[in-house]
Each structure stands twice: as C-alpha cells, then as structure tokens.
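Student: Before we start, here is the structure in question, set down as structure tokens.
The values are calculated or read from the model by the stated rules, or taken from the named source; none is laboratory data. Since this is a predicted model, take the numbers as computed values, not measurements. Neighbour counts are summed over all protein chains in view; Cβ atoms, including those assigned to glycine, are modelled from backbone coordinates with ideal geometry.
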Amino acid sequence: MNYAQAACRALDRAMAADTRVVALGEDLGRGGIFGQYRGLQQKYGAARVIDTPISEATIMGAAVGMALAGLRPVVEMRVVDFALCAIDEIVNQAAKARFMSGGQGRVPLVARLPIGIWSGSAAQHSQSLEAWFAHVPGLVVVTPSTPQDNHALLGAALACGDPVIYMEHKELWGLEGEVDENETDSLGRARIVRTGTDVTLVAWSRTVHAAIEAAAQSELSVEVIDLRTIWPWDRDTVFASAAKTRRLLVAHEAVRVAGFGAEIAAEVAEGLGVRVKRIGGPRIPVGYSKPLEDQARVTREAILAALTEFDRGESK
Amino acid sequence: MSRPLPATLERGLALYRTMARIRAFENAAEEASKGGVAAFGASLAQARVRGPLHLSTGQEAVAAGVCAQLAPEDLITSTHRGHGHTLAKGASLARTLAELFGRASGFNGGKGGSMHIADFSVGMLGANGVVAAGIPIAVGAAHALRIRSRPEVVACFFGDGAINRGPFLEGLNWARIHELRLLFVCEDNRWSATTASAAMTAGEGALARARGIGLDGAAVDGNDVFAVFAAAGELLARVRRGEGPQLLHAITYRVKGHVSVDPAAYRDGEEVSRALEEDPILAAAARLRELGAGAARLAAIRSEAEAEVAAALSAAAAAPWPDPLAAYTDVQDSGAGRWLG
C-alpha cells in the first residue's frame, strides 16, 4: 500500500467508527489531487466529505466552527503553501480557541498541510514550514515518513483532541510499504530506525530516507531517529541516543535558518553538552529549473558530508 | 425603513431592559478601564480593566433586537466589540464583568478578557480579536448543525469594517452554496477604528455585496430596537424555514472611540451630536411611553440595571485572581507544559 492509500484507509476507518469525523477541502469528491481521499465521498456522501470553494480562510475557519459545534473535522489544505491563506484561522483561532475560552471550547481537528519540494513546482508549492507551526502554542505537528506511519499517525491525530497540523510530504504519496492496519500509535514518539554508536542523526519526513541511505554509507556507526512528531518532539529518545553517541546531527529539508533542527540542537547542546550540527536547505526560495531546485534539496550526499565532518572533528 | 412596534408592552420592556443592562455595563467597564491601556495618548495607570476595551455604547439595539429572536440553544459569534452580544444572548453580567477584571470567576477564567469573552452555555461561541474572523467560524458552526441534523440556527455579528476582508466574501459564498441556517448581522457603526468606513468601502455596502451572490436580507435602522427585532425575526423565520442564509444590515453609530481611551477627536462634532440625539435607549423609551409604559417603570428598569452592575463591580473586585499556573492549562493535551529545559 502506498503512503496516500495508507492515509485514506486510516481516514476511512475513523469515519466508519465516528460520525463526528468529516473531511472538507477542495476536490475531495474526486479523491483529492493525490488520491488521499479516493472513494471516501462515494462511501460517506457529500455531506461528510465536503467539496469546498477555493476559500482557504473559510475552509480552516469553518473547521474551527465545526469543531466548536461538536464535529472532528479533517481539513484538506492541498499544500502547506496554500495554508498561508488561512494563517489567522490556524494560528489565532484553531490554536487558541480552547485557551482563550478558558477551556469552554475545544478544537479537535486535523489539518493536512503537505510539506516539501514537489519536483518542478517552484517556490510557492515547495516549502517545508513545520517550524512555523511548532512555534505556536496549542498546535501539534506531525510529519510521517512512511506508509505505516501515515496510517497509524493519522489515526492517532484523528483521536487526538488538539488541533493537529498533519504534514505529509508532497513527494512521498507514491511511496510503497507494508502497512499493518491494526497497529496503533501515539503522537510524540520518535522511532529509532537504525541503531548506531558514533552519531545520532535526527530527521523527519522525506529526509529520513536520505538519512538512512547516508548512514548506510558512512564509515561511522550512525543511529538514525525518525522524529515523526515535531511537536511535541520526543526529547527522551533523542537525549538518550545523544547521551550515548555524544554527537548529534539534525537533517531536514526546511531552510536551515530558524529550522526546527536549531531547536533540537540547542536543547541537546544545553542539556548534554555534546557536539551538535544541523543541515537544512539554504535560505533561498525553491527555484523552478532543475539545477536551481537541486540547490534547495538536502541530499544523501549532503548528509554524508556532514557526517564526515564529525569524523574529521576532534574526538568525543 | 418601517417603524414597527412590539406586539406587546412586555416584549418591548424586555428589549428595553436588555439595552439598559448593556448600557450600564458599558459605562461601568469604560470607567474601570481608565488607564488600562497606553494608546491614543493615554498612559498606563492602575486600572481594573486592562488593555483595549471596545465599547458598544449606542449600539445596544442591534444586540438586543437580534438576540431576542434567538433561542437559548441557538449559537452566535461576536466581535471585538462584543459585550452587548454576550449579555443579550443571556450570559451572566457578573461573570462577564469578572472576565474583564481578569478574575478566576470570569467566563474564561481570565484567559480571554473583553476581546475573547465567551459563554458556551448560552451558545455564545466567542468574541474575536480579529476583524471578520468570526464569520468562517459561524459558517462552520452552522455547517456542523446541518451535518448533525440539528434545528438550531447561528447568528454571526460583524462590523462594517469586516466587509472589506476576504472572509466576508468567502463565508457568505459558502453559506449560500450550502444554504446554511445562518443570519449574518452587519452591525454598521460607520467607523473602522479611526477611519470612516464610507471612505474605505466601494459600492453600496454589506447588503448589496450579499445580494451580488444571491444572499438576500434587509437593511434596518440599527438604533430602533423594535425595527431590529422585527427585521431579525422575519429574516430568522426565513432561515429557519430553510430558505437559506440571510443578511441583516443594521445601521447604528459608534458613540465612543475605537477603544475606551480614544477620545475620537478626529470626528465631526455635529455628527456625534446627531448620533446622541438618536440614542437607541431614549428612542425606545419614547416609543414605550406611547405604548403606555409609565416613566416610573422605565426609570425602574434603568435603576435595576445600574444596581445589577454595581453589585457585579463589587463582586468582580472581590473575586479571586487566577492561579498563575492556570496560564499552562487549556493549551493542549499533547505537548503541554512549560518546556523550559
């Protein structure tokens, strides 16, 4: 099953189990442009799988109103870049309604805001803005990297009572993998996808796959952690690993400057006093032409080079 | 604009009482907010009501007339100028004032204040600090009621400034295509902060824009509470019959400044004097007298409202402050906490 189908199955299961779960967004009736809603409107009807106008602010704001009025909406934003048209509704409304009302209202919704470079789609369809949302109190931020996680973490997000910014990757939709549909999962838990003793390499979303390849080619013994949830991030797992390896590299596709890697690196450096490095995209808009777009990518080779710098550095 | 009278004197007096309570509340809140915010040349001093306080003084007829046509289970969304809507929907005046005082006994436990006042128990889903932000929320609430096969309706209050924001078009369009049970109420006080809305608004305004997308409604003298009551009743009857969302354009006037410390010296004095002559409470009193209400009865309603507010002021001043650690609650379940290392 691929990454898109896995999410679709998770949503299908949630809609079957709970009539309060509804989905709204553009083009859902046709299955969503990545197939991640395929068949759901046919199965649950247009009243629960709602085709909307191109009105991002009202898609998101209406979802807040639906949540306050007793539903558990799933909000389709197509790509994170478009969700910027709904930033008030996410940051000022969804994230704060519970707090501002003194707990009278809650906003249990899942907003799907896919991140990442989408080949050939240029600057307004290729951003990775997970750090923006991690910065906002009230929000949960999830970044699945595999079909299994896109099934289990979407299920966990749908069960979560908080507003969840659920960030699939725009180039993982077709990724195939085994999915155990009975596996349940929890938000806020990282996964050690490869054990090692020399360096802790933390990544998420598509960068996990480049990290695994780089680790396999490195002369160092690299422990790769898929963070999976950006907020709340799994401090315990990352700290335990970094305490063991005494070296931390965080790799992400988002622009390196003020990326979430900075937060993890700073926390680990402050808490453990170990060597930390970050690798991320350069601070440029993603260009259209392939040679330009490639400059924005965080590749296996770049991660390998960063690991090699550790190797050349002073001993632990 | 028609000049209807209430069907009964009691109904008219009830509307008058709601307006009197809002006015007394706003006057007390205004007094308690002096020194509460550094803006418009005012400096910060000790004040019981902190921060920007947006008063609905002079606009009481809109809140009173519309909310009197709603059932307790019906929902509303409000604006930064929302005390009147809150009280008219049935929220406790004492707890509203306690929230403005930032006390634990306020509706939001001191977490919201004036701009975020909410009482979900009476269907008041919240004031909002962002112009037009309540529109999509109201649309979603009405959509949820549709999905849940509920009979309730939603009334969405917003100001004249909101019609120049995108969510106005988006929300009206959405409500229209889904034929939601929703009454949009443009409470037009003719001022967008310190700028006259007319200078910033092309065309004929809220109702014309609504009609441009096939969403009908009515314009009404927003200082005539009986006219607002009648118009809201007619439009809500259409909404409840499933004839689609409606828009009420209620034209009133912002008697006070944008916030309580704003002297609004940028306005033409004659404009303000004219507005004061059209005071909705005085107008309602005059018409109630025509219906046979005695002056003593009207005066008693005013003094009861004053007494209620005086008691609320004492109670709010004596109410406990929130536990400082309450700042960390109601944030989120996953990832809550201080996260300070």
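Student: Is it the case that some residue within the range A:79-89 is in contact (Cβ under 8 Å) with a residue 40 or more places away in the chain and in a loop (DSSP other than H, G, I, E, B)?
Tutor: Yes, that holds for at least one residue.
Student: Can I ask one more? Between residues in the range A:94-105 that are facing chain B (nearest Cβ under 7 Å) and outside any helix (DSSP H, G or I) and residues that are polar (S, T, N, Q) and surrounded by 24 or more Cβ atoms within 10 Å (Cβ to Cβ), which pairs lie under 6 Å by C-beta distance while being six or more apart or on different chains?
Tutor: From the range A:94-105, the pairs are A:Ser101/B:Asn108; A:Gly102/B:Asn108.
Student: Can B:Ala94 be described as within 11 Å of chain A (Cβ to nearest Cβ) and either touching a Leu at 6+ places or on another chain (Cβ under 7 Å) or touching a residue at least 24 places away in the same chain (Cβ under 8 Å) (or both)?
Tutor: When the stated conditions are applied, B:Ala94 does not pass them.
Each row is one residue, and each column tells you yes or no for (1) farther than 28 Å from B:Ala28 by Cα; (2) aliphatic (A, V, I, L, M); (3) modelled with pLDDT of 95 or more.
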site	(1), (2), (3)
B:Leu215	yes, yes, yes
B:Tyr253	no, no, yes
B:Asp262	no, no, no
B:Pro280	no, no, yes
B:Ala312	no, yes, yes
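Student: How many of the residues in the range B:98-116 are of a type outside the set (Phe, Trp, Tyr) and more than 8 Å from chain A (Cβ to nearest Cβ)?
Tutor: Adding up the residues that qualify gives 10.
Student: If you take the residues of the range A:141-171 that are part of a loop (DSSP other than H, G, I, E, B) and out of contact with any Ser or Thr (no Cβ under 7 Å at 6 or more places or on another chain), which of them is farthest from A:Val298 (Cα to Cα)?
Tutor: My answer is A:Gly161.
Student: A further question follows. Could you list, in sequence order, the residues of the range A:82-108 that are farther than 22 Å from A:Gly35 by Cβ and among the aliphatic types (A, V, I, L, M)?
Tutor: A:Leu84, A:Ala86, A:Ile87, A:Ile90, A:Val91, A:Ala94, A:Ala95, A:Ala97, A:Met100, A:Val107
Student: Can B:Arg50 be described as in contact with a strand residue (DSSP E or B) (Cβ under 9 Å, 6 or more places away or on another chain), surrounded by fewer than 23 Cβ atoms within 10 Å (Cβ to Cβ) and farther than 23 Å from B:Asp224 by Cα?
Tutor: So B:Arg50 fails the test.
Student: Pull up the range B:316-332, narrow it to residues that are free of Cβ contacts under 8 Å to residues at least 40 places away in the same chain and either in contact with a strand residue (DSSP E or B) (Cβ under 8 Å, 6 or more places away or on another chain) or surrounded by 15 or more Cβ atoms within 10 Å (Cβ to Cβ) (or both), then point me to the one that is nearest to A:Met100 (Cα to Cα).
Tutor: B:Val331
Student: Any idea which residue in the range B:296-341 is nearest to the chain's Cα centre (by Cα), counting only those that are in a helix (DSSP H, G or I) and of a type in the set (Lys, Arg)?
Tutor: Per the criteria, the residue is B:Arg302.
Student: In addition: Go through (1) under 14 Å from the mean Cα position of the chain (by Cα); (2) more than 11 Å from every other protein chain (Cβ to nearest Cβ); (3) among the charged types (D, E, K, R) for B:Asp119 and report which single condition fails.
Tutor: Answer for B:Asp119: the failing condition is (2).
Student: Please pick out the residue among A:Gly196, A:Gly102 that is surrounded by fewer than 22 Cβ atoms within 10 Å (Cβ to Cβ) and farther than 28 Å from A:Arg283 by Cβ.
Tutor: A:Gly196
Student: Among the residues of the range A:199-219, which ones are outside any helix (DSSP H, G or I) and surrounded by fewer than 19 Cβ atoms within 10 Å (Cβ to Cβ)?
Tutor: A:Glu219
Student: Would you be able to tell me the number of residues in the range B:133-153 that are facing chain A (nearest Cβ under 8 Å) and crowded, with 24+ Cβ neighbours inside 10 Å?
Tutor: 12
Student: What is the residue count in the range A:9-38 for residues that are free of Cβ contacts under 8 Å to residues at least 60 places away in the same chain, out of contact with any Phe, Trp or Tyr (no Cβ under 6 Å at 6 or more places or on another chain) and in a helix (DSSP H, G or I)?
Tutor: Number of matching residues: 5.
Student: Inspect all residues belonging to the range B:260-274 and state whether any of them is within 14 Å of chain A (Cβ to nearest Cβ), surrounded by 12 or more Cβ atoms within 10 Å (Cβ to Cβ) and on the phi > 0 side of the Ramachandran plot.
Tutor: The answer is no, given that none of the residues of the range B:260-274 is within 14 Å of chain A (Cβ to nearest Cβ), surrounded by 12 or more Cβ atoms within 10 Å (Cβ to Cβ) and on the phi > 0 side of the Ramachandran plot.
Student: Determine, yes or no, whether A:Ala47 is within 19 Å of B:Arg150 (Cβ to Cβ), of a type in the set (A, V, I, L, M, F, W, C) and in contact (Cβ under 8 Å) with a residue 40 or more places away in the chain.
Tutor: When the stated conditions are applied, A:Ala47 does not pass them.
Student: If a residue has to be more than 14 Å from chain B (Cβ to nearest Cβ) and surrounded by fewer than 14 Cβ atoms within 10 Å (Cβ to Cβ) to count, how many in the range A:40-58 make the cut?
Tutor: The number of residues fulfilling the criteria is 2.
Residues are listed down the side, and each one gets a yes or a no for (1) in a helix (DSSP H, G or I); (2) closer than 29 Å to B:Arg48 by Cα:
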| position | (1), (2) |
| --- | --- |
| B:Ala104 | no, yes |
| B:Gly109 | no, yes |
| B:Ala127 | no, yes |
| B:Val131 | no, yes |
| B:Ala138 | yes, no |
| B:Ala141 | yes, no |
| B:Leu145 | yes, no |
| B:Glu152 | no, no |
| B:Leu183 | no, no |
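Student: Could you list all residues from the range A:108-137 that are in a loop (DSSP other than H, G, I, E, B), within 14 Å of chain B (Cβ to nearest Cβ) and surrounded by fewer than 24 Cβ atoms within 10 Å (Cβ to Cβ)?
Tutor: A:Pro108, A:His135, A:Val136, A:Pro137
Student: Now, a different point. Which number in (1) of a type outside the set (S, T, N, Q); (2) surrounded by 21 or more Cβ atoms within 10 Å (Cβ to Cβ); (3) under 15 Å from the mean Cα position of the chain (by Cα) marks the one condition that B:Ala98 misses?
Tutor: All conditions are met except number (3).
Student: Let me ask something else. Filter the range B:154-177 down to residues that are within 12 Å of chain A (Cβ to nearest Cβ), surrounded by 21 or more Cβ atoms within 10 Å (Cβ to Cβ) and farther than 16 Å from B:Arg211 by Cβ and give me whichever is nearest to the chain's Cα centre (by Cα).
Tutor: B:Cys156
Student: Now for a separate question. Please verify whether A:Gly61 is within 14 Å of chain B (Cβ to nearest Cβ), closer than 17 Å to A:Leu109 by Cβ, in a loop (DSSP other than H, G, I, E, B) and at pLDDT 95 or above, treating the condition exactly as stated.
Tutor: Judged against the criteria, A:Gly61 is not a match.
Student: Check off (1) touching a Leu at 6+ places or on another chain (Cβ under 6 Å); (2) within 14 Å of chain B (Cβ to nearest Cβ) for A:Trp231 and give me the number that stays unchecked.
Tutor: (1) is the only condition that A:Trp231 fails.
Student: Which of the residues that make up the range B:227-246 are outside any helix (DSSP H, G or I) and buried (at least 24 other Cβ atoms within 10 Å of the Cβ)?
Tutor: Across the range B:227-246, the qualifying residues are B:Pro245, B:Gln246.
Student: I'm told B:Leu87 meets every condition in (1) of a type in the set (A, V, I, L, M, F, W, C); (2) touching a Phe, Trp or Tyr at 6+ places or on another chain (Cβ under 8 Å); (3) surrounded by fewer than 24 Cβ atoms within 10 Å (Cβ to Cβ); (4) more than 12 Å from every other protein chain (Cβ to nearest Cβ) except one. Can you identify the failing condition by its number?
Tutor: For B:Leu87, the exception is condition (3).
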